[in-house]
């Protein structure tokens, strides 16, 4: 299928000042294009959770947001340290966020489960070099 639009957003480690800006920008672009509120809501959850995971758990990363005729793909990639046990990390409520992050109201352990639940197709790989998530939303 033909790619219609592609956006790339860089995200810095511990950048709580700008937390949520990437997902807001993605949401704004989807509204301009004319996507339904249902699709926008799902993409907003995926992008926000991915953005926060990069800010909280990694050395920084990026989100690629690709719009095709029949689907939207979000690629959430970070730079290390990786996830030791992906299956455990997919458990609702499981979190490795430090207490100072939890005191800020983040790190409840719902990020990966929320991304998975909002995706039509979800894939995650992780190593010491980083974590790669690909989330697909089907438009047909």
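Relative to the longest principal axis of the Cα atoms of the chain, the long axis of helix 21-33 lies at roughly 10 degrees.
When each of the peptides 6-18, 41-53 is scored by the mean number of other C-beta atoms lying within 10 Å of its residues, the order from highest to lowest reads 41-53, 6-18. With respect to the chain, whose longest principal axis is taken over its alpha-carbon atoms, helix 37-57 is tilted by about 30°. Fully extending the segment from residue 127 to residue 32, taken as 0.36 nm per residue of separation minus the present Cα-Cα distance, adds 30.5 nm.
The packing ranking, built from the mean of other Cβ atoms within 10 Å per residue, places the peptides 122-130, 61-69 in the order 61-69, 122-130, highest first.
Just to confirm my numbers, what's the Cα centroid distance between the stretch 26-68 and the stretch 98-140 in Å? If we compute the Cα centre of each part, the gap is 11 Å. With all pairs of separate Cα atoms included, the stretch 41-140 yields a Kirkwood hydrodynamic radius of 13.6 Å. Ignoring everything except DSSP H segments at least 4 long, calculate the 222 nm mean residue ellipticity for the chain; use -39,500 (n - 2.57) per segment, divide by total residues, nearest 500. Taken over the chain, the calculation gives -11000 deg cm²/dmol. Placing a label point 7 Å from the Cα of residue 104 along the Cα-to-Cβ line, the residues of the stretch 37-69 whose backbone N sits under 16 Å from it are 48-61. On full extension, the segment bounded by residue 139 and residue 94 gains 13.1 nm, given 0.36 nm per residue less the C-alpha separation.
In terms of the Cα gyration tensor, with a ≥ b ≥ c the square roots of its eigenvalues, is the stretch 1-85 rounded because a/c is under 1.5, prolate because a/b exceeds b/c, or oblate? Prolate, because a/c is 1.5 or more and a/b exceeds b/c.
Each reported figure results from applying straightforward, stated rules to the coordinates on display, with no laboratory input. Keep in mind that what you see is a predicted model, and the values were worked out from it rather than measured. Cβ sites come from the backbone with ideal geometry, for glycine too, and all protein chains shown count toward neighbours.
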